[in-house]
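The values are calculated or read from the model by the stated rules, or taken from the named source; none is laboratory data. Predicted model only: the values in this text are computed from it and were never measured. Please note: Cβ atoms are built from the backbone with ideal geometry, for glycine as well, and neighbour counts cover all protein chains shown.
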Ligand SMILES: NC(=O)c1ccc[n+]([C@@H]2O[C@H](COP(=O)([O-])OP(=O)(O)OC[C@H]3O[C@@H](n4cnc5c(N)ncnc54)[C@H](OP(=O)(O)O)[C@@H]3O)[C@@H](O)[C@H]2O)c1
């Protein structure tokens, strides 16, 4: 199997290459691509691979292409790749909400994949973490509304976002002049920023819209009420989400705890807390602080804390699991 990774030098692309190696995928050739050529920039199976500039020629014989760059590169190359039968697994938002294109998290809705599908957008990282935690709730008691406040890490804005936070932290420690905000709309060091993406005329940010629309698609609940407030926090990696939700049916905390505890892709912490630093490098979504919102034993209103490594479970691991699913179903030959 010949695999190309477009954006292999970025935060997500580098993680995809690492996860492909960790999970020992049957790859004959790995081709790392980026916006420009770079000497020996990517390590894979003990070798330093040159990075080439992405172009049609570099992609023409790949069986599988991971995109981990921007929407522009995905829009430019993905349609022709799909047309010739290659499998495209795309971390950009270019095709996520397109009618007829499945939006898959293997642990959540992997059975929606068909032998005809070639284009697999990977959902927004915050939506992947949220939908993975909500799926067992939906299955146990139905779901009518969700309100989420996010605590999103700097590396969610890519390598440049992480570097900006680190430079601000260093300047603060060394009592140097603080580097100005460029990637984020305000200085992130020693701060929180209630804006992720652009804010539109209705007051929603692009991230909040993605969380709402993609969570509905992932859960197959187009009418689900989703209110989101997306906030950037000075954490390096892993997004936290404070979630309150209303179930369709009256249920109990023990029943929901049982459902979460039995779900593949979720680690349920039935007591105590879990933080972003503790889940860095983890491939599952962590849920803690599950509680009913009122004192009665049976309720429809609950809250929980959810956290996941957005570069792995929110992007790279989910992307690689899609490839594993295609191999397992026999839709793609190794
Ligand atoms: N960061 C996250 O937590 C996260 C989570 C889920 C999804 N995503 C999505 O994943 C994608 C990558 O994000 P990231 O955070 O990894 O960004 P990043 O760290 O800024 O990396 C971007 C990568 O794309 C390459 N690139 C840029 N323009 C290109 C072009 N025209 N052609 C080919 N390669 C190009 C860059 O190459 P150079 O080295 O040459 O600049 C770099 O390798 C984005 O669509 C993002 O929305 C990110």
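Values computed for the structure shown
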| quantity | calculated |
| --- | --- |
| Residue within region 118-129 that is away from the ligand (no atom under 14 Å from the Cβ) and closer than 14 Å to residue 325 by Cα present | yes |
| Test: residue in region 218-226 that is within 16 Å of the ligand (Cβ to nearest atom) and in contact (Cβ under 8 Å) with a residue 60 or more places away in the chain | yes |
| Qualifying positions in region 131-152 - surrounded by 24 or more Cβ atoms within 10 Å (Cβ to Cβ) and in contact with a strand residue (DSSP E or B) (Cβ under 6 Å, 6 or more places away or on another chain) | 132, 133, 146, 148, 150, 152 |
| Which listed residue is under 30 Å from residue 249 (Cα atoms) and in the same structural domain as residue 321 (by TED's automatic domain parsing), from 133, 149, 112, 141 | 112 |
| Residue check, residue 290 crowded, with 16+ Cβ neighbours inside 10 Å and closer than 26 Å to residue 111 by Cα | no |
| Helices (runs of 4 or more DSSP H) contained entirely in region 5-89, each with at least 2 residues that are surrounded by 22 or more Cβ atoms within 10 Å (Cβ to Cβ) | 11-22, 71-83 |
| Qualifying residue in region 299-319 (condition: surrounded by fewer than 16 Cβ atoms within 10 Å (Cβ to Cβ), farther than 30 Å from residue 99 by Cα and either touching a residue at least 24 places away in the same chain (Cβ under 8 Å) or within 16 Å of the ligand (Cβ to nearest atom) (or both)) | yes |
| Any chance residue 60 is away from the ligand (no atom under 14 Å from the Cβ), under 19 Å from residue 209 (Cβ atoms) and not assigned by TED's automatic domain parsing to the domain that holds residue 220 | no |
